[in-house]
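Participant: So that we are looking at the same thing, I have put the structure below in structure tokens.
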Amino acid sequence: MNQKKVIDIVTKQNRWRREECLNLIASESLMSPLAESLYSSDFEGRYNEHIGPDCHYEGTELSYEIEEGCNQLFREHFKTPYVDVRPISGAVANIIVYNALTRPGDILVSLGIPNGAHISHTRWGPAGIRGLKNVDMSFDAEIMNINVERTVDIIKASNPKLVMFGASMFLFPEPIKEIREQIGPDIKFVYDAAHVMGLVYGGIFQDPFGEGVDIITSSTHKTFQGPQGGIIIGSPSLSKKDWKKVDQAVFPGTLSSTHIHRFPSLAITALEMNEYGEDHARQIVKNAKAFGKALYSRGFKALCPSLGFTESHQVIVDVKEHGGGQKVARLMAQCNIICNKMALPNDTSDDATHNPSGIRLGVQELTRWGMKEKEMDEVAELYKRAIIDGELIEKVKAEATAFKARYPDIHYCYPHP
Ligand SMILES: Cc1ncc(COP(=O)(O)O)c(C=O)c1O
């Protein structure tokens, strides 16, 4: 490795993943040009450890102002006094909530990995490191959603400290209100909105606080297409005492550097979402539905056709008959169409680890490039030609690359030269 090589790697990455690829990784995003232009600044490398406004270091006035500005934007949007943008990622936001509200040995009820839970909701990830024991909810694979009655029974029988909603494979709003109606307020409900934050913020997916959630944790860089980072938002009805526990778990409990350089970009993204977010979110869901339909009509087993395939940015396709998720995702990547393999609820644990049956397709980035339903049909056709028709990889790759070149501009954001 030398200087030239480093520059070369970055140049190639920028050209390849941004200009030549169709990206369908459901957890990724693109910042707006203005947000991106503010990402690298003197804030990078600075520290601002603080408890409330009491900053430990000097020279932090502007760091505090930009962090508080971000908090304020989310406070206003979610109509709550409780926001903290310091967590440096979604998984770290979850760790902080576990540190704040649980003790080792406590029970956590979450969705279960085969049903789409994130690793941070399980004993194999941060919940396990905290010493929590996770118990899985009951999941109905037919409708790709939580079974309310059986899950209520599980919660009542296991008496957890926290119930963790939200998922990495996330097609439909979860029945939180129905579960909350049967579970009292002593058990805290946390909603991990990492994947659907842009849709929730846009007001079109579900209203977690309205349905009885106590705390939202999230990434700020999936359907909410800001800089990579995390956030914790407390419900307006959360007690001051509980929020203080969260605050203390942020600092001094968990974090020291808080990656301040991302806050200007986060603020711009929130402002842009206030202006364009609802339109953006609506188009993402329309595109995902159109994509599911286009794949299904070409012979792919896109899940949940009778439910319109999805209400989120994701489409899940069972590709077992085409060789499984790993094979299909790798083949498509050779065609410059990037997605990831996904375990499905009925996979054996061996299949789930080595070659899961599914692929997960997220349309948020294609939507950001200005693509609509018609373009989803064209992308589905490229999948068919590569996977079902077995066309030459080089041919599909050339077409995918030329197709992407037709969409050079990022949409749903402020103009920026
Ligand atoms: C549901 C869910 N929570 C948390 C995370 C972790 O987020 P981050 O990568 O920001 O730590 C992910 C990652 O994709 C996720 O899907």
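The values are calculated or read from the model by the stated rules, or taken from the named source; none is laboratory data. All of these numbers come straight from a predicted model, not from anything done at the bench. Every residue, glycine among them, receives a Cβ derived from its backbone with ideal geometry; neighbour counts consider all protein chains shown. All accessible areas refer to the heavy atoms of the entire protein, side chains included, with ligands and DNA or RNA removed. Shrake-Rupley method; radii C 1.70, N 1.55, O 1.52, S 1.80 Å.
Participant: Looking for something open to solvent by 10 Å² or more (accessible area, probe 1.4 Å), within 24 Å of Asp207 (Cβ to Cβ) and acidic (Asp, Glu) - is there at least one such residue anywhere in segment 74-84?
Facilitator: yes
Participant: In addition: Need pairs with beta-carbon distance below 8 Å; first residue under 22 Å from Leu382 (Cβ atoms) and within segment 1-23, second open to solvent by 80 Å² or more (accessible area, probe 1.4 Å); sequence gap 6+ or separate chains.
Facilitator: Partner pairs satisfying both residue conditions: Glu19/Pro408.
Participant: If you don't mind, there's one more thing I want to ask. Within segment 341-357, count every residue that is more than 20 Å from the chain's Cα centre (by Cα) and either outside any loop (DSSP other than H, G, I, E, B) or in the same structural domain as Glu142 (by TED's automatic domain parsing) (or both). Step through it out loud before you land on a result.
Facilitator: As a first pass, look at segment 341-357 and keep what is more than 20 Å from the chain's Cα centre (by Cα): 346-357.
Remaining after also requiring either outside any loop (DSSP other than H, G, I, E, B) or in the same structural domain as Glu142 (by TED's automatic domain parsing) (or both): 349-354.
Counting residues in segment 341-357 that are more than 20 Å from the chain's Cα centre (by Cα) and either outside any loop (DSSP other than H, G, I, E, B) or in the same structural domain as Glu142 (by TED's automatic domain parsing) (or both) gives 6.
Participant: Checking Lys4 against (1) surrounded by 11 or more Cβ atoms within 10 Å (Cβ to Cβ); (2) at pLDDT 95 or above, which test does it fail?
Facilitator: Answer for Lys4: the failing condition is (1).
Participant: Filter segment 382-407 down to residues that are open to solvent by 60 Å² or more (accessible area, probe 1.4 Å), in contact (Cβ under 8 Å) with a residue 12 or more places away in the chain and under 19 Å from Met371 (Cβ atoms), then give me how many there are.
Facilitator: 3
Participant: Okay, moving on. With respect to the numbered conditions (1) more than 15 Å from the ligand (Cβ to nearest atom); (2) of a type in the set (Gly, Ala, Ser); (3) not in a loop (DSSP other than H, G, I, E, B), which one is the sole condition not fulfilled by Ser256?
Facilitator: Every listed condition holds for Ser256 apart from (3).
Participant: Still on this model: Residues being under 15 Å from Pro236 (Cα atoms) and either within 16 Å of the chain's Cα centre (by Cα) or within 14 Å of the ligand (Cβ to nearest atom) (or both): count how many of those fall in segment 176-206. Write out each step before concluding.
Facilitator: Step one: of segment 176-206, the residues under 15 Å from Pro236 (Cα atoms) are 185, 188-191.
Now drop any that are not either within 16 Å of the chain's Cα centre (by Cα) or within 14 Å of the ligand (Cβ to nearest atom) (or both), which leaves 190-191.
Matching residues across segment 176-206 total 2.
Participant: Residue check, Trp124 against (1) within 16 Å of the ligand (Cβ to nearest atom); (2) farther than 22 Å from Glu181 by Cβ; (3) buried (at least 17 other Cβ atoms within 10 Å of the Cβ), all met but one. Which one?
Facilitator: Of the numbered conditions (1) within 16 Å of the ligand (Cβ to nearest atom); (2) farther than 22 Å from Glu181 by Cβ; (3) buried (at least 17 other Cβ atoms within 10 Å of the Cβ), the odd one out for Trp124 is (3).
Participant: Taking the condition of being within 18 Å of Gln228 (Cβ to Cβ), of a type in the set (Phe, Trp, Tyr) and out of contact with any His (no Cβ under 6 Å at 6 or more places or on another chain), how many residues in segment 40-94 meet it?
Facilitator: 1
Participant: While we're looking at this one, here's another question. Checking Ile95 against (1) assigned to a loop (DSSP other than H, G, I, E, B); (2) surrounded by 14 or more Cβ atoms within 10 Å (Cβ to Cβ); (3) out of contact with any Leu (no Cβ under 8 Å at 6 or more places or on another chain): exactly one of these is not met. Which one?
Facilitator: Failed condition: (1).
Participant: Right, next: Under 9 Å between Cβ atoms, at least 6 apart or on separate chains: pull out the pairs that start in segment 40-60 with a residue that is polar (S, T, N, Q) and end on any residue that is in a strand (DSSP E or B).
Facilitator: Asn48/Cys55; Thr60/His50
Participant: Next question, about the same structure. Which residues, taken from segment 107-121, are open to solvent by less than 50 Å² (accessible area, probe 1.4 Å) and either under 14 Å from Met169 (Cβ atoms) or away from the ligand (no atom under 13 Å from the Cβ) (or both)?
Facilitator: Ile107, Leu108, Val109, Ser110, Leu111, Gly112, Asn115, Gly116, Ala117, His121
Participant: Which residue pairs have Cβ atoms closer than 9 Å, lie 6 or more positions apart in sequence or on different chains, and pair a first residue in segment 177-188 that is assigned to a helix (DSSP H, G or I) with a second residue that is exposed (fewer than 15 other Cβ atoms within 10 Å of the Cβ) and of a type outside the set (D, E, K, R)?
Facilitator: Lys177/Gly210
Participant: Identify all residues within segment 303-360 that are under 21 Å from Pro173 (Cβ atoms), of a type in the set (S, T, N, Q) and in contact (Cβ under 8 Å) with a residue 40 or more places away in the chain; write none if there are none.
Facilitator: Those that are under 21 Å from Pro173 (Cβ atoms), of a type in the set (S, T, N, Q) and in contact (Cβ under 8 Å) with a residue 40 or more places away in the chain: Thr310, Ser312, Gln314.
Participant: Scan segment 173-203 residue by residue and report those that are surrounded by fewer than 19 Cβ atoms within 10 Å (Cβ to Cβ) and closer than 23 Å to Tyr276 by Cα.
Facilitator: Gly203
Participant: Could I ask something else about it? Across segment 220-248, what is the total count of residues that are within 16 Å of the ligand (Cβ to nearest atom) and open to solvent by 10 Å² or more (accessible area, probe 1.4 Å)?
Facilitator: Final tally of qualifying residues: 3.
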